[in-house]
Amino acid sequence: MPLRIDDTFRDALASQTGETGRPLAGMWVCSGSPLVAELCAGSGLDWLLVDAEHSPNGLESILAQLQAIHGYPVHTLVRPPVNDTVLIKQYLDLGVQNLLLPMVNSAAEAEAAVAATRYPPQGVRGVGSALARAARWNRLPDYLARAGETISVTVQIESAAAVTVVENILAVDGVDAIFVGPSDLAASMGLLGQQEHPEVRAAVEHCLAAAKAAGKPAGVNAFKPDTARHYLDHGANFILVGADVALLARGSEALAAKYVTTRDGDTPTSY
């Protein structure tokens, strides 16, 4: 029977950005729950980021979320906790097609990331397609020859060191896009918790401009609407604008503020 492999995030960026397209909007999926991932997948957003760097996600929960999301018209990126060849191999064999790799600080680290996604002789990915969901357990014809076509690599620029060499990182063959993380970038600049600081914004804008000059897409994390609009106006091709856990935290806090009796015994009257 015919088997389907989704288009990559690289394909989505190529088809929906540029002069006639629009930036792609997405959200973080951090709960580790397949049910929450499926809820987010049906939201109408363009893409989801399943995070394993700062979230309770292991191989089993990532697999379950990939399966839950698969039936929806949304692109899924997965972020490992580290840019590591062995972890990347495991993620790819699970069927992860789109990787977001954290803390890439040099062209050499970007090259290593790309090599981890390619079979020899182009790279160093271990061969286990007969055991892997990625190849549908060898039900996909010519998977070994075509695997690179089914994978996109986005690397994160989230340090002052990476910003200084972003042009070199963008020049690495196989890096499909960059994604700027203002929180860690601010921390590396001695501005912990100050993602909106003018120096941080200037560094992000530098990366966006460098990506445009290199002809590659660039994205950024921006939960505040005015910040998101600012970076979109400066050329961001894709953006993360929220997170499942943050939405639940703020929503539940709003309910408590509206309905829970205050410490002095008064009932809030906002309703």
Quick count over region 138-148, residues being part of a helix (DSSP H, G or I), in contact (Cβ under 8 Å) with a residue 24 or more places away in the chain and open to solvent by 10 Å² or more (accessible area, probe 1.4 Å), is 2
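Is it the case that region 150-167 has a residue that's open to solvent by 10 Å² or more (accessible area, probe 1.4 Å) and either touching a Lys or Arg at 6+ places or on another chain (Cβ under 7 Å) or over 30 Å from residue 199 (Cα atoms) (or both)? Explain how you work it out, then say what you get.
The first filter runs over region 150-167 and keeps only residues open to solvent by 10 Å² or more (accessible area, probe 1.4 Å), leaving 150, 159-161, 163-165, 167.
Right, trim to either touching a Lys or Arg at 6+ places or on another chain (Cβ under 7 Å) or over 30 Å from residue 199 (Cα atoms) (or both) and you get 150.
Yes: one or more hits.
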Checked region 51-84 for anything among the acidic types (Asp, Glu) and open to solvent by 50 Å² or more (accessible area, probe 1.4 Å); matches are 60, 84
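Which count do you get for residues in region 99-120 that are exposed (fewer than 15 other Cβ atoms within 10 Å of the Cβ) and part of a loop (DSSP other than H, G, I, E, B)?
Here is the first cut: in region 99-120, the ones exposed (fewer than 15 other Cβ atoms within 10 Å of the Cβ) are 108, 120.
Subset that is part of a loop (DSSP other than H, G, I, E, B): 120.
Here the count works out to 1.
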Note: among 87, 48, just one is surrounded by fewer than 19 Cβ atoms within 10 Å (Cβ to Cβ), free of Cβ contacts under 8 Å to residues at least 40 places away in the same chain and within 28 Å of residue 111 (Cα to Cα), namely 87
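For the structure I just gave you, tell me whether residue 128 is closer than 12 Å to residue 89 by Cβ and either crowded, with 20+ Cβ neighbours inside 10 Å or not hydroxyl-bearing (Ser, Thr, Tyr) (or both).
Yes; evaluated as a whole, the condition is true for this residue.
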Note on region 168-185: residues assigned to a helix (DSSP H, G or I), under 19 Å from residue 238 (Cβ atoms) and open to solvent by 20 Å² or more (accessible area, probe 1.4 Å) are 183, 184
Can you find a residue in region 221-229 that is modelled with pLDDT of 95 or more and in contact with a Pro (Cβ under 7 Å, 6 or more places away or on another chain)? yes
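Would you confirm, using the coordinates I've provided, whether residue 123 is free of Cβ contacts under 8 Å to residues at least 40 places away in the same chain, open to solvent by less than 70 Å² (accessible area, probe 1.4 Å) and not in a helix (DSSP H, G or I)?
Values: free of Cβ contacts under 8 Å to residues at least 40 places away in the same chain: yes; open to solvent by less than 70 Å² (accessible area, probe 1.4 Å): yes; not in a helix (DSSP H, G or I): yes.
Answer is yes for this residue.
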Those residues of region 108-127 which are out of contact with any Lys or Arg (no Cβ under 8 Å at 6 or more places or on another chain) and farther than 26 Å from residue 48 by Cα amount to 108, 120, 121, 122, 123, 127
Within region 58-101, residues within 13 Å of the chain's Cα centre (by Cα) and among the hydroxyl-bearing types (Ser, Thr, Tyr) come out as 76
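The values are calculated or read from the model by the stated rules, or taken from the named source; none is laboratory data. Since this is a predicted model, take the numbers as computed values, not measurements. No Cβ is skipped: glycine too gets one built from the backbone with ideal geometry, and neighbour counts run over all protein chains shown. Accessible surface areas use protein heavy atoms only, side chains included; no ligands, DNA or RNA. Shrake-Rupley method; radii C 1.70, N 1.55, O 1.52, S 1.80 Å.
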